[in-house]
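Please read the structure below before turning to the comments.
The values are calculated or read from the model by the stated rules, or taken from the named source; none is laboratory data. Bear in mind the structure is a predicted one, so any value in this text is a computation, not a measurement. Neighbour counts run over all protein chains shown; Cβ positions are idealised from the backbone, glycine included. When the accessible area is computed, the model is the full protein with side chains, heavy atoms only, and any ligands, DNA or RNA have been set aside. Shrake-Rupley method; radii C 1.70, N 1.55, O 1.52, S 1.80 Å.
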Amino acid sequence: MISNQILQNTIDGLKTIAHVDLCVLDIDGKEVASTSSDIGNVSVPARNFVDSPADSQEIQGHQYFKIYDEQQLEYILICTGSGENTYMLGKMIAYQIQSLLVAYKERFDKDNFIKNLLLDNLLLVDIYSRAKKLHIQTDAKRVAMIIESVNGRDNNALEITRTHFGNGNDFVTEVDEDNVIVVKDVSDMLKPSEISKVAEEMLQTLEKEGLSGVRVAYGTVVGEIKEVSRSYKEAKMALDVGKIFFDERKVICYSELGIGRLIYQLPIPLCKMFIKEIFGGRNPDDFDQETLTTIDKFFENSLNVSETSRQLFIHRNTLVYRLDKLQKSTGLDLRVFDDAITFKIALMVVRYMKYMEKFT
């Protein structure tokens, strides 16, 4: 059902064009929207008009019109004044509002379809039959994007996103109270960098609109409408994994998650067992800040001793000493590729476990 505010905005605009006051009532004679407070008490005449077989009628100097939605009477339009010109204006305005009802109903039907599509609530045959009925192209290239913001529902994140990005072949919806989902048509995009650029532009636009803590995550491109739910699940994982391993990034793509998406799917008991095997009774959090900084910079420079020591502003021998000390305490030599991989994975597993502790 169309909102009262939309109806109010519509008749306000139509009044500026037609220069007549308008009033819309429901079938019980209650006012829904009006451009004037001087139309008078029209509830009783409106109810009588509802019961009459006429679609339009002049009553007490005003023109009354019935507005239908698929043969179902929805509203009564009152156009102030009488005469042929007022009647013609009223007929056109009633038709305009009726067309608006159809447009909003179609949008609602599309939104409902996209929600069920994302949540895998549709059979394959239903997906294609409903898409055809709603005039949605089934073989367009699309990608699902999730937009998260702090207090998104309170800040009207859905409405703001729809205003800026709900045009053309794109769909903007939500399936929970936390995030907004954009199903983006990317048929005209040839490179992954173009999709990343769109996500960055979304982020910047929403931040300019006053939304805070905005993050955008997206899945892989799919070529069939039935696969949109897969792209959505990938985007959800990208959002969660990004918070754990890429918390400095505001835009994250599923294809960039690397080993993080594998660790994210490990059961916690298995993670604890793995960490115990690698570090014994020690916790990586017990390492001093100097050691942790050295480890991070060493990995950042692809195990290059010379470059790491240069960026840390220390002598090469000092770095070698720190690495030797770490090897004695853990049994892992970070200068050896296999040991470095094991250590890196272990640190990521610890980070994942700490994140999951928040939800237990």
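Selection over segment 207-237 of residues that are in contact with a strand residue (DSSP E or B) (Cβ under 7 Å, 6 or more places away or on another chain), assigned to a helix (DSSP H, G or I) and in contact (Cβ under 8 Å) with a residue 40 or more places away in the chain gives a count of 5. When you go through TYR218, TYR254, TYR232 one by one, which is the residue that is more than 14 Å from ILE147 (Cβ to Cβ) and buried (at least 21 other Cβ atoms within 10 Å of the Cβ)? Testing whether each residue is more than 14 Å from ILE147 (Cβ to Cβ) and buried (at least 21 other Cβ atoms within 10 Å of the Cβ) leaves just TYR254.
One residue stands out among those in segment 1-33 that are in contact with a Leu (Cβ under 7 Å, 6 or more places away or on another chain) and of a type in the set (Gly, Ala, Ser): the one that is most open to solvent (accessible area, probe 1.4 Å), which is ALA18.
Looking at segment 140-153, is at least one residue closer than 26 Å to LYS243 by Cβ, in a loop (DSSP other than H, G, I, E, B), open to solvent by less than 30 Å² (accessible area, probe 1.4 Å) and not acidic (Asp, Glu)? Looking through segment 140-153, at least one residue is closer than 26 Å to LYS243 by Cβ, in a loop (DSSP other than H, G, I, E, B), open to solvent by less than 30 Å² (accessible area, probe 1.4 Å) and not acidic (Asp, Glu). For segment 190-206, filtering for residues that are farther than 22 Å from LEU257 by Cα and either in contact (Cβ under 8 Å) with a residue 24 or more places away in the chain or of a type in the set (Gly, Ala, Ser) (or both) leaves 2.
Selection over segment 122-137 of residues that are part of a loop (DSSP other than H, G, I, E, B), more than 19 Å from LYS105 (Cα to Cα) and more than 21 Å from the chain's Cα centre (by Cα) gives a count of 1.
Quick check, is LYS243 under 34 Å from the mean Cα position of the chain (by Cα), under 30 Å from ILE114 (Cα atoms) and free of Cβ contacts under 8 Å to residues at least 40 places away in the same chain? So LYS243 does not fit the description; no.
So for segment 150-163 (the condition being in contact with a Lys or Arg (Cβ under 8 Å, 6 or more places away or on another chain) and either touching a residue at least 24 places away in the same chain (Cβ under 8 Å) or within 17 Å of LEU203 (Cα to Cα) (or both)), does at least one residue qualify? Among the residues of segment 150-163, not one is in contact with a Lys or Arg (Cβ under 8 Å, 6 or more places away or on another chain) and either touching a residue at least 24 places away in the same chain (Cβ under 8 Å) or within 17 Å of LEU203 (Cα to Cα) (or both), which makes the answer no. A residue that is in contact (Cβ under 8 Å) with a residue 12 or more places away in the chain and touching a Ser or Thr at 6+ places or on another chain (Cβ under 6 Å) cannot be found anywhere in segment 86-98.
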